[in-house]
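Single-structure report; data block below.
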Amino acid sequence: MELFFHYLSQPYLLTGIVYTVLITLFGLAGGAVLGIVLAGMQLSRFRALSVAARIYAVIFRGTPLILQMIFCYNALPMIGIKLTALEAASLALALNEAPFIAEIIRGNIVAVDRGQIAAGQALGMTPFVTMVRIVVPQAFRTMIPALGNEAVSALKNSSLASVVSVQELTLRSTQLASATFDFFSIFFASGLMYLVLAGSIAGLQIAVEIMMDLDHPDPKARFARLLPWYRTPVALPDANEGTEKAQETAATLPPAGAKATVPLDRAKRAQAIAVSRPAVEIENLTKSYNGRPVLDGLDLTVRLGEVVALLGPSGSGKSTLLRCINRLEPWDSGAIRVIGRQLGVGDNGRVLSPAAIANARAAVGVGMVFQNFNLFGHLTARENIAGPLRWVQNATAREADTRADELLERVGLSHRADALPRHMSGGQQQRVAIARALAPNPAVLLLDEPTSALDPELVNEVLEVIRRLAVEDGLTMVISTHQISFARDVADRAVFLADGAIVEQGPADHVLTRPDNPRTRQFLQIMKEDPVLAG
Amino acid sequence: MKTTGFKRSLPLARSAAGAVFAANMVAAAFTGATLTGATVAQAETAIPAACADLQAKYPSLKGKTLVNAINPHTPGYESIDPNDPTKYIGFDIDLGEAIGDCLGFDLTYKAVTFAALLTTLQAGQADIVISDIYATVDRAKAADFITYLKVFDGVLVAKGNPKGIDGINTSMCGAVAAENTGYVEVPLIQALAAECEKIGKPAPEIQLYDNNANCIQAILSGRADTYINDVNTVDGAVKAYPDKLEKATAVTLPYSVGIAVPRDNVEFRDAVMAALTEIQKSGLQVELMKKWNLPEDQLETPKLVLAE
């Protein structure tokens, strides 16, 4: 025991720790940089890059670190690169860590909800901004445990540097054991030193996790959570929440304006729309997935101020059509112009890069609301609206926040401005999503089945928000929906789609009450009997 | 002798850990100063007079600092100093310092596994290897050797020699031998397989480790029955564990211990050989052997072992 304490405090072993820590730090830092590059290459849309990254991973994940250390130390000098032992060991560890870190990064990036990325795109965010603002913050939080593992494993792997003569802890322990024959005291002492090092990494990991934990903004709880017996409190349903939900629908929306309270004058609206400029022009649009046609020579013109309801059975091409208008998806042939401008095609007719398309989207102003809300999960309601304004429209923080608060008030959610999406009901989330889409004042708002993912009792609050937009703002909207009565109420025109083509279209109250086409009739019949079936 | 270039690292290594100290270590690690780690005690004996002539003949070595790759797990030949682990001590260390003093160069040390001694030299990560390595024709493919000691091996066994092993012969059939990767004893023991088969016994089994301490531990833990290596190493182990180990016998092997130098540098080889000759002539080598308790009759006049 005395010997154990002697070796535990021996400067010779303690200095060995410095080398162990240095190799680990250099290895992890180099591995992180290289890992980011490799992950970027693998996720790139250029095939050659991802193939190169794969080959690298196969080689450096598939060979033992000890060989890589010896290679860096003994083989590189043959081509004129003579590294010191510490440099060679750090390089080998970095080369070895890189593919593991790359896979952690890639896995967590891919795991970020695709819908949020589509929402970012639809808001006119370039792929780079989407990556930095939406994907990386969420991916980083989920990759911390895996990175902690990786750091501990790198710490232990650093002991292999002893084969290339780095005077780290393991090498010093074995040398000391050889000279003194005090095998066990020495290895217990160095084992304890490794444990302390690994323990510090674990502590660091916990600290970072707490810092990144969105659900614990309370600084007092951050310390409490360090205690091993602390358990995350089960999120008890707020006593107010139940009542809040019930009252919210009507109560929290601000009182309707004068326009929204009087019945629509359909004839007057139709007259105004007939003479207004076209907002969206679609000509002979075709698109197929794996040889199956989804859109089949579709023509459609939506005028400024017009509200068009897209109806039709699942798979009829409603969603695809909306995503094409916004250029979230490419198509095979045909053309789409939004306010006279072709999205995604340059003046010379060439297809633009994703970043250029994003800028065009923001410039033209096409907002989109998704079936699954697609709010940015790591941002509060206010930040979901204000963030894109700052990143895309270059608004100042003050302008963006003011605009966000104003829109939240309009959708009746001022009291939830600081709530995270996951703490809001579906209806609330969708109202925030609508506010977010409206923030940059889009010329056209596309709504893709905005109430399909909602519980029945939450549908109305969202529909009411949309109705007011049509009536009070005169916003141009294309809505795909299964809510027949809502469509009849709000839409100027109903368009019935089947098999990627328009089967019937006309004034909403006409098509939805007295359809001419047998397929429309059949669809409406089914909807009347069992609305869930068609949803 | 005084070693230069380590004045900085020695007090550092002795001092307690602290911020300044750690920062210095980082700086030192970058410059490579402490990489080669520890340095030696002093070779206190006077330099032979003829060395002045050699320094005049080989002026390019004077004032240089060369790297000596060692496997510091062989107390008596090379190991760290238990009293000051920043230093390497042993007969090989003293001999290397004496050669350096004679030719006017300093030595720093690089600790590697036994099997990596010659590869480190080949990769240019070391300039010379003086580490109780036997000069064989096979190894001469990787380096030129200048011999300086005859080889006497000892057979280390557990106290009482339960398997009755009495040499590298059929007494080892069915026994487990611990050896280091790359040791010359390995092929000798492997060659016993045929003889054992002839008398209807199982072949000896070999466990490979990468330093003496592990081989000795293998016997102490009962994993191996014997470890055959340099007799002085075996004696050292018996001295450390007198209740658990003993030397069964000593055997002579047809090899010599040699200094390994790069194959493509004849001038350096000649210089080292000339210095070694002078050190033997002046009686310095015998003096050093006495200091480290090596039997005097182990001394061998320098000769070259080169690839065929």
Cβ-Cβ under 9 Å pairs, at least 6 apart or on other chains, region A:339-368 side at positive phi, far side at pLDDT below 85: A:344/A:351; A:344/A:352
Any residue at all in region A:465-485 that's closer than 21 Å to residue A:317 by Cβ and assigned to a helix (DSSP H, G or I)? yes
Residue hits (region A:278-307; touching a residue at least 24 places away in the same chain (Cβ under 8 Å), closer than 18 Å to residue A:343 by Cα and not hydrophobic (A, V, I, L, M, F, W, C)) are A:278, A:281, A:283, A:284, A:286, A:287, A:299, A:303
Among the residues of region A:470-485, write down those that are crowded, with 23+ Cβ neighbours inside 10 Å and without any contact (Cβ under 8 Å) to a residue 60 or more places away in the chain. A:483
Only one of A:203, A:242, A:191 is within 30 Å of the chain's Cα centre (by Cα), more than 14 Å from every other protein chain (Cβ to nearest Cβ) and at pLDDT 90 or above; which? A:203
What's the number of the condition residue A:26 fails, among (1) at pLDDT 95 or above; (2) aromatic (Phe, Trp, Tyr); (3) in contact with a Pro (Cβ under 8 Å, 6 or more places away or on another chain)? (3)
Being surrounded by fewer than 24 Cβ atoms within 10 Å (Cβ to Cβ) and either touching a residue at least 40 places away in the same chain (Cβ under 8 Å) or not assigned by TED's automatic domain parsing to the domain that holds residue B:286 (or both) is the filter; apply it to region B:70-83 and report the residue that is nearest to residue B:180 (Cα to Cα). B:76
Residues in region B:255-294 that are loosely packed, with under 14 Cβ neighbours inside 10 Å and hydrophobic (A, V, I, L, M, F, W, C): how many? 1
Quick check on region A:162-178. Is at least one of its residues assigned to a loop (DSSP other than H, G, I, E, B), within 43 Å of the chain's Cα centre (by Cα), more than 8 Å from chain B (Cβ to nearest Cβ) and under 30 Å from residue B:77 (Cβ atoms)? yes
Of the residues in region B:233-260 that are more than 14 Å from chain A (Cβ to nearest Cβ) and polar (S, T, N, Q), the one that is nearest to residue B:147 (Cα to Cα) is B:256
Can you find a residue that is free of Cβ contacts under 8 Å to residues at least 12 places away in the same chain, surrounded by fewer than 22 Cβ atoms within 10 Å (Cβ to Cβ), farther than 23 Å from residue B:89 by Cα and of a type outside the set (Phe, Trp, Tyr) anywhere in region A:144-151? yes
Out of the helices (runs of 4 or more DSSP H) lying entirely within region A:1-99, which hold 2 or more residues that are surrounded by 22 or more Cβ atoms within 10 Å (Cβ to Cβ), in contact with a Ser or Thr (Cβ under 8 Å, 6 or more places away or on another chain) and not hydrophobic (A, V, I, L, M, F, W, C)? A:11-43
When restricted to B:214, B:161, the only residue more than 21 Å from residue B:71 (Cβ to Cβ), out of contact with any helix residue (DSSP H, G or I) (no Cβ under 7 Å at 6 or more places or on another chain) and not in a strand (DSSP E or B) is B:161
Output for region A:61-87, where each listed residue is over 13 Å from residue A:166 (Cα atoms) and within 9 Å of chain B (Cβ to nearest Cβ): A:74, A:75, A:76, A:77, A:78, A:82
So residue B:234 fits all but one of (1) at pLDDT below 95; (2) more than 16 Å from the chain's Cα centre (by Cα); (3) closer than 22 Å to residue B:179 by Cα; what number is the exception? (2)
State the number of residues belonging to region A:486-502 that are part of a strand (DSSP E or B) and either free of Cβ contacts under 8 Å to residues at least 24 places away in the same chain or not aliphatic (A, V, I, L, M) (or both). 2
If you go through region B:199-210 one residue at a time, do you hit one that is within 14 Å of chain A (Cβ to nearest Cβ) and either under 22 Å from residue B:132 (Cα atoms) or modelled with pLDDT of 95 or more (or both)? yes
Can you find a residue that is part of a helix (DSSP H, G or I) and surrounded by 20 or more Cβ atoms within 10 Å (Cβ to Cβ) anywhere in region A:439-457? no
Filtering region B:217-232 down to residues that are farther than 14 Å from residue B:168 by Cβ, more than 11 Å from chain A (Cβ to nearest Cβ) and touching a helix residue (DSSP H, G or I) at 6+ places or on another chain (Cβ under 7 Å) yields B:224
Report, ordered by the first and then the second residue, all pairs with beta carbons closer than 9 Å, sequence separation of six or more or different chains, a first member in region A:32-46 that is in the same structural domain as residue A:92 (by TED's automatic domain parsing), and a second member that is of a type in the set (Lys, Arg) and surrounded by fewer than 19 Cβ atoms within 10 Å (Cβ to Cβ). A:41/A:54; A:42/A:54
Subset of region B:69-122 [of a type in the set (Lys, Arg) and at the interface with chain A (Cβ under 7 Å from one of its Cβ atoms)]: B:110
When region B:128-149 is examined, which residues are found to be in a loop (DSSP other than H, G, I, E, B) and surrounded by fewer than 23 Cβ atoms within 10 Å (Cβ to Cβ)? B:136, B:137, B:138, B:142
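The values are calculated or read from the model by the stated rules, or taken from the named source; none is laboratory data. Predicted model, so just to flag it, every value in this text is computed and none were measured. Every residue, glycine as well, gets a Cβ built from its backbone with ideal geometry; the counts of neighbours run over all protein chains shown.
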